[in-house]
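Engineer: One structure follows; several queries about it will come next.
Every read-out reported here was derived from the displayed coordinates using simple, explicitly stated rules and does not represent laboratory data. This structure is a prediction, so every number in the text was calculated from the model and none was measured. Cβ: placed from backbone, ideal geometry, glycine included. Neighbour counts: every protein chain shown.
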Amino acid sequence: MDPLSNYRTLVEKVDALCGRIAEEFGDHITCAKGCDGCCRYISVFPVEGAALAAALASLAPEERARVRENAATAPEAHCPLLAGGICLLYEARPLICRTQGMPLLLREESGKRIDFCPENFRGVGSLPGNAVVDLETLNTLLAGVNRLFVGDDAGEWPERVTIREALLRGGQ
């Protein structure tokens, strides 16, 4: 069995949800290729790091070397997957990247609120519940998928891994 199958299933569901939101509100979403203002240096769960490493390993050797070189030399504050404003492993990007710009339901001490890129959803008075990504639920699902991924070897894995670390360690 593919150790990343649960993660890939979750990615498919998130992509379907984001796709439905984009289809319904596409005129109000400005995120597009080259829009990289939210692309930052982040850490991810080991399962996402492994998915990035697997995507990297599937590239041709020249392309793999280019991505690894970019990861090694990218400025610390920026995502090491970015080159010229474009994600080098877009199809394998982590869940946080897939949901950027989408309306996210956040639960805070002061209550619930919807957050999204300030460039998106201008002039939209309200959003239906099915057009919002519940971030707490998504994070809970991702944490569960990660626990299944690391399994009995949890002590072998760091709690989080940076994208840079995943790219430089994986895809050899």
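Engineer: Stretched out fully, how many nm does the piece from ARG20 to GLU159 gain, at 0.36 nm a residue minus the Cα gap? Mind dumping the intermediate values first?
Structural biologist: Details: separation 139, 0.36 × 139 = 50.04 nm, distance 3.20 nm.
Between ARG20 and GLU159, full extension yields an extra 46.8 nm.
Engineer: How much length is gained if the chain between ALA32 and TYR90 is pulled fully straight, taking 0.36 nm per residue apart and subtracting their Cα-Cα distance, in nm to one decimal?
Structural biologist: Once the chain is fully extended between ALA32 and TYR90, it gains 19.7 nm.
Engineer: Hey, what number do you get for the chain at 222 nm if only DSSP H runs of n ≥ 4 count, each worth -39500 (n - 2.57), divided across all residues, to the nearest 500? Could you put the intermediate results ahead of the total?
Structural biologist: Values: 6 runs with 74 residues, N = 172.
Theoretical 222 nm ellipticity from helices: -13500 deg cm²/dmol.
Engineer: Under a crude label model (7 Å from the Cα following the beta-carbon direction), how far is ARG40 from ASP2 in nanometres?
Structural biologist: The modelled label-to-label distance comes out at 3.1 nm.
Engineer: I've got another one for you. Would you mind checking the radius of gyration and Dmax of the chain based on alpha-carbon positions, in Å?
Structural biologist: Final numbers for Rg and Dmax: 16.7, 50 Å.
Engineer: Determine the relative contact order of the chain: mean sequence separation of Cα pairs under 8 Å and six or more apart, normalised by residue count, in whole percent. Walk me through the numbers before you get to the answer.
Structural biologist: Working: 204 pairs, mean separation 66.7, N = 172.
RCO, the chain: 39 percent.
Engineer: Could you pull out every Cys in the chain that lacks a partner Cys with its beta carbon under 4.7 Å away?
Structural biologist: By the Cβ distance rule, which asks for a partner under 4.7 Å, the isolated cysteines are CYS18, CYS31, CYS35, CYS38, CYS87, CYS97, CYS117.
Engineer: Here's another thing I want to ask about it. Any idea which of LEU148, GLN100, GLY49 is furthest toward the positive side of the dipole for region 5-169, if Lys and Arg beta-carbons carry +1 and Asp and Glu beta-carbons -1?
Structural biologist: It is GLN100.
Engineer: Another one. So which DSSP H runs in the chain come out at 27 Å plus along the axis (Cα) with average Kyte-Doolittle of at least -1.0? Spell out each step's value before the answer.
Structural biologist: Values: long enough: 5-25 (30 Å, -0.20).
Flagged H segments are 5-25.
Engineer: If you average the sequence gap of Cα pairs under 8 Å that are 6 or more apart and divide by the length of region 67-152, what percent do you get for the contact order? Walk me through the numbers before you get to the answer.
Structural biologist: Values: 58 pairs, mean separation 17.0, N = 86.
So the answer I get is 20 percent.
Engineer: Dividing the Cα radius of gyration by the Kirkwood radius, what Rg/Rh value follows for region 1-83?
Structural biologist: Details: Rg = 15.2 Å, Rh = 15.1 Å.
A ratio of 1.01.
Engineer: When N is the residue count of region 73-128, what does its C-alpha Rg come to as a fraction of 2.2 N^0.38 Å? Please list the in-between numbers first.
Structural biologist: Values: Rg = 14.8 Å, N = 56, 2.2 N^0.38 = 10.2 Å.
Working it through for region 73-128, the quotient is 1.46.
Engineer: Only sites in a loop by DSSP and with at most 14 other Cβ atoms within 10 Å count here; which GluC sites (Glu not before Pro) in region 29-137 make the cut?
Structural biologist: Details: sites: GLU48, GLU62, GLU63, GLU69, GLU76, GLU91, GLU108, GLU109, GLU119, GLU136; in loops: GLU76, GLU109, GLU119.
Hits after loop and neighbour filter: GLU76, GLU109, GLU119.
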